[in-house]
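Comments concern the structure below.
Nothing in this text is a laboratory measurement; each read-out follows from the coordinates by a stated rule. Computed from a predicted structure; not experimentally measured. Virtual Cβ from ideal backbone geometry, glycine too; neighbours counted across all protein chains shown.
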């Protein structure tokens, strides 16, 4: 619920993005990790709790200028109770037992509080100011509340989505199970993009080992211990702290691998061998799974590289029709310049970008004006060509 509130209330979003440890609890906003001084000037940690008055299911407003406080009476640097804090002892039942309300505070400036951000900042200044000055305490802990992200695949608050106010669009991915076949240069960037997309699950497949040349055409850092490990193992270790639902397997995919694709709603084919692509196409088309195939064709021309990046969409309805157009290579070309391991990270990233943008158009996240089943980006002229059914 907290994420939903942040998506629709700018003041709560600002509190979250600034670093306050927020929680939604029993129709109240809880701000944890609030430092203050006790009567001996020792550092203590409390929490503010403020009532949320719902305008509708997701928008809220202040009910009054008061806050509840979980903690003992706060003191100033002079060893005296902080003045001008009306209110007194009280109790409030919350769902989480780690925050126990003991009192209320009431200190209303003459102009009142504009919103929850203004209100919390005001009380933090009064209550935490002495502790910040004496002990260097910091109320901005960015501490993730596991309950706040319950139901989310991410292990951190997705403040980018809330900041852009596109939570409703991002929700369109919540039931998606995406398969990425091939975690080489382009496939690795597709994976990186999807790790940051709130799809339910990502399944990745690649039977190859990770070598130095892979680091030059894929995202992320390189650690020497990763060399000669499986690509699937390397990327799993890189992303496991970011989100749930990333299942990467060291395996080659062919038409016999139907069990690996049970529940998959969309796939990306990111292989550079035509023979492997032919096997994968038969698998996905037979299972009725829509997919995008990517490809890159490069040649040397007057001492420079030129060529095309391709992203072709095979829908459930028209996949066989697109296959018959022969837009993707289905046999191996021993003279392919790309297969000689030229390091072209920016082209891999561009190829992945075209594919992921097209997928997000299909799912309604981006506008989809022409419904293209085929996209070609021409490198020399920086031109994008698209084809769509009439």
(message) For segment 64-99 and segment 276-330, what is the centre-to-centre distance using only Cα atoms, to the nearest Å?
(response) 64 Å
(request) Could you calculate the FRET efficiency of residue 390 with residue 357 from 1/(1 + (r/R0)^6), where r is the beta carbon distance between them and R0 is 25 Å, rounded to 0.05? (result) 0.65
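Using only alpha carbon pairs under 8 Å that are at least six residues apart, calculate the relative contact order of segment 166-387 and give it in whole percent. Mind dumping the intermediate values first?
On the way: 416 pairs, mean separation 47.0, N = 222.
The normalised contact order for segment 166-387 reaches 21 percent.
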(message) Based only on other Cβ atoms within 10 Å, what is the fewest-to-most ordering of 15, 305, 140?
(response) 140, 305, 15
(request) Multiply the residue gap between residue 78 and residue 259 by 0.36 nm, knock off their C-alpha separation, and tell me the result in nm, one decimal place. (result) 58.2 nm
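Express the relative contact order of segment 2-150 as a whole percentage, based on alpha carbon pairs under 8 Å and six or more residues apart in sequence. Please list the in-between numbers first.
Working: 282 pairs, mean separation 43.4, N = 149.
Relative contact order of segment 2-150: 29 percent.
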(request) Quick one: angle between helix 345-362 and the longest Cα principal axis of the chain, in degrees between 0 and 90, rounded to 10, please. (result) 80 degrees
(request) Return the FRET efficiency for the residue pair residue 169, residue 96: r is the Cβ-Cβ distance, R0 is 25 Å, and the value is rounded to the nearest 0.05. (result) 0.20
(message) What FRET efficiency comes out for residue 57 versus residue 251 if R0 is 35 angstrom and r is the Cβ-Cβ distance? Round to the nearest 0.05.
(response) 0.20
(request) Could you line up 16, 308 from fewest to most neighbouring Cβ atoms inside 10 Å? (result) 308, 16
(message) Neighbour counts of other C-beta atoms within 10 Å: give me 134, 347, 37 arranged from fewest to most.
(response) 134, 347, 37
(request) Rounded to the nearest 500, what is the 222 nm mean residue ellipticity of the chain from helices alone, with -39500 (n - 2.57) per DSSP H run of 4+ residues and division by all residues? (result) -8000 deg cm²/dmol
(request) For segment 219-253 and segment 37-61, write down the distance between their C-alpha centroids in whole Å. (result) 41 Å
(request) Taking the chain as the reference, fit the longest principal axis to its C-alpha atoms, fit the long axis of helix 116-135 to the helix C-alpha atoms, and give the angle between the two in degrees, 0 to 90, nearest 10. (result) 70 degrees
(message) Quick check: the angle from helix 185-195's long axis to the longest principal axis of the chain, C-alpha only, nearest 10 degrees?
(response) 30 degrees
(message) Report the gain in length on full extension from residue 111 to residue 325: 0.36 nm times residue separation, minus Cα-Cα distance, nm rounded to one decimal.
(response) 70.1 nm
(request) Give me the distance in nm between label points sitting 7 Å out from Cα along the Cα-to-Cβ direction at residue 282 and residue 383, one decimal. (result) 3.8 nm
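Highest mean first, what order results for 180-188, 379-387 on Cβ atoms within 10 Å? Could the numbers behind the result be given before it?
Details: 180-188: 27.1, 379-387: 11.9.
Put in order of decreasing packing, that is 180-188, 379-387.
Determine the shape class of the chain: with a ≥ b ≥ c the square roots of the Cα gyration tensor eigenvalues, call it rounded for a/c under 1.5, and otherwise prolate if a/b is greater than b/c, oblate otherwise. Numbers along the way, then the final one.
Numbers: a/c = 2.91, a/b = 2.45, b/c = 1.19.
Prolate shape, in that a/c is at least 1.5 and a/b is the bigger ratio.
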(request) Using a/c under 1.5 as the rounded threshold, could you call segment 166-387 rounded, prolate or oblate? The axes a ≥ b ≥ c are square roots of the C-alpha gyration tensor eigenvalues, and prolate needs a/b larger than b/c, oblate otherwise. (result) rounded
(request) Classify segment 1-104 as rounded, prolate or oblate, taking a ≥ b ≥ c as the square roots of the eigenvalues of its Cα gyration tensor: rounded when a/c is under 1.5, otherwise prolate if a/b is larger than b/c and oblate if not. (result) prolate
